[in-house]
Amino acid sequence: MIIPRVHNTLDITCTCIGGLLPESRRTPTVKKCFSMPSLPYCEESTLKHSWDDIARVFWNRYPNPFAKHISSDDVLQRKVVGKKMFSTRLIVKNGVLPKWGEFMFKDTSGKYLVIENSVVDPVKKTITTYTRNVSLTSFSSLEEKCTYKPSADNKGWTVCERSALSSSSVRLLAPQIASFAMSRYRHSVVATDRGWSFVVNKFEGSPINSVLAALARSGVTKQAKFVRP
């Protein structure tokens, strides 16, 4: 399994959560990001797969053994504007509150909802996702922006630029809760990148891919329908 190259967060220059939060809550350009609860978190990782491969499996990356916490995902809306595709997806995740947080909430079913908005631009070869939780927001909110684009060092690889912001409105415990949520998020990043590699390799070795390759050589790809491998 390929382990992604992760850069030190202190060496990354990025605009954290730009365009993700309402203008009144946006964080200004941050040249050095620290993983403190009250500040954004930035990271860049490299996937040793081409952007075309990542785009091909983008809608089929669940389920995979590195995302067992994903219960289901459904597309709520999709439209094409110009040459860009805009989509909204509802993702149901499994997760439990820490013991010290359960006493504040009656609903401890272990499931929570996440909304993912995405923009796929095949011309510039970018995939941008904006993700936020829409349940348990009174406990903690985590908003994330990811941009996938070809690596400048190797055109056969893909770079993922991530920025995230964790916050909580619980009085007295807000710093601890935000730190807890960010710690979980950072732990999940490595699993997410490994999941990408798993899905790409699975698709490359699937019979579906062989059929699509044959159709591409015969020039009748328009008749093919993508099916979840």
Would you say residue 97 is aliphatic (A, V, I, L, M) and either at pLDDT 95 or above or at positive phi (or both)? no
In the range 112-150, anything surrounded by fewer than 16 Cβ atoms within 10 Å (Cβ to Cβ) and among the charged types (D, E, K, R) is listed as 121, 124
All positions within the range 163-176 that are touching a helix residue (DSSP H, G or I) at 6+ places or on another chain (Cβ under 7 Å) and either modelled with pLDDT of 95 or more or closer than 28 Å to residue 47 by Cβ (or both): 164, 166
Within the range 100-146, work out how many residues are in contact with a helix residue (DSSP H, G or I) (Cβ under 8 Å, 6 or more places away or on another chain) and modelled with pLDDT under 85. 3
Is there any pair linking a residue in the range 137-160 that is without any contact (Cβ under 8 Å) to a residue 40 or more places away in the chain to one that is among the charged types (D, E, K, R) and open to solvent by less than 40 Å² (accessible area, probe 1.4 Å), with Cβ under 6 Å and at least six apart or on different chains, and which? 146/162
Please specify each residue of the range 52-83 satisfying the condition of being under 16 Å from residue 112 (Cβ atoms) and open to solvent by 70 Å² or more (accessible area, probe 1.4 Å). 68, 74
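The values are calculated or read from the model by the stated rules, or taken from the named source; none is laboratory data. For clarity, every value in this text was computed on a predicted model and none was experimentally measured. No Cβ is skipped: glycine too gets one built from the backbone with ideal geometry, and neighbour counts run over all protein chains shown. With ligands, DNA and RNA removed, areas are computed over all heavy atoms of the protein, side chains included. Shrake-Rupley method; radii C 1.70, N 1.55, O 1.52, S 1.80 Å.
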